[in-house]
Amino acid sequence: MEYIIIAVVVILIIFILGIRIVRPTSRGLIETLGKYTKFATPGFHWIVPGIQRLYKVNITEQMFSADPQIIITNDNLNATVDAQVYFKVKSDEESVKNSQYNVHNYQYQIINLARTTLRNIIGTMTLKSANSERGKINNDLHHTLLEETDKWGIDIVRTELKEIDPPKDVQETMNKVVKAENEKVAAIDFATAAETNADGIKRAEIKKAEGIRQGKILEAEGEAQAIKLVNEAAEMYFIGNAQLLRQLQATEIALKNNAKIVVPSNAELVNVIGEMSGIMPMKK
């Protein structure tokens, strides 16, 4: 009876020691005496203690920072470059196996590969182009890491270039250049606005002068038309007496506004008016 109890206790202990739980964030590789034998999905698993072993692999997205490093750019300037790499192990069996059997410590390998790739990319660029083409650097880094880690069962989710810091004296010079360029752009914008305003004023003055000119032309044309109509009327009603009509008009204008006329004592009023109009006096 005692042996049975002991056997049951031993079996129970062995069973408890062999229990393995795989969470949804992981996948497992079960090896028997050092040889891969089974893929462990999330859930309950039991292995033979001492004979089998389960290795858990995290399949969630991970972020590692490529430590800041000094890179010499194509224009012989030192730039401190830092980047972050986001990656994860693919969840299928083959990829999980590759992440453990095809590469030793894939996290360390990815970080060093990212640092080397950054040196190769930025080393062919000037400091100015490296700062202005961060998107291109990220794309090139991401593409290279995808190719190099393809056999590791790794998915490179994205890469982010955190900073490209030039030396302090170079940074101060670049800031002065940027400030000067901004001031230049502002001056050009101000000059353009002033020129546009001047053009507007000029066009307005031209239109105003054109309006005055057109008004005078119309006024002159109106006067000419009036003279023409008067001449036509004179020819129609005073044939051969156009000059006489003009003289009468002159007399009318002279007598306007209470004009005073001195009449000699021995002259007749009709004769005086006739002389003013250029009309010969009537004979008695």
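As a summary of the residue check, Leu141 satisfies the conditions (1) in a loop (DSSP other than H, G, I, E, B); (2) crowded, with 18+ Cβ neighbours inside 10 Å except for the one numbered (1). Going by the structure shown, is Asn74 modelled with pLDDT under 95, of a type outside the set (Asp, Glu) and at negative phi? Here the answer is yes, as Asn74 does meet what is asked. Can you pull out every residue in the range 87-129 that is among the basic types (Lys, Arg) and in contact with a helix residue (DSSP H, G or I) (Cβ under 9 Å, 6 or more places away or on another chain)? Lys90, Lys128, listed by residue number. From Ile110, Ile71, Ile121, which residue is buried (at least 16 other Cβ atoms within 10 Å of the Cβ), touching an Asp or Glu at 6+ places or on another chain (Cβ under 8 Å) and β-branched (Val, Ile, Thr)? Step by step, each of Ile110, Ile71, Ile121 is checked, and only Ile121 is buried (at least 16 other Cβ atoms within 10 Å of the Cβ), touching an Asp or Glu at 6+ places or on another chain (Cβ under 8 Å) and β-branched (Val, Ile, Thr). Only one entry of Lys208, Lys176, Lys184 meets the criterion of being in a helix (DSSP H, G or I), at pLDDT below 70, of a type outside the set (Ser, Thr, Tyr) and not assigned by TED's automatic domain parsing to the domain that holds Thr80, and that entry is Lys176.
Taken over the range 14-64, residues that are in a strand (DSSP E or B) and over 59 Å from the mean Cα position of the chain (by Cα) amount to 4. Scanning the range 65-86 turns up one or more residues that are touching a residue at least 60 places away in the same chain (Cβ under 8 Å) and outside any strand (DSSP E or B).
The values are calculated or read from the model by the stated rules, or taken from the named source; none is laboratory data. The structure displayed is predicted, hence computed values, not measured ones. Here Cβ is always computed from backbone atoms with ideal geometry, including for glycine, and neighbour counts include all displayed protein chains.
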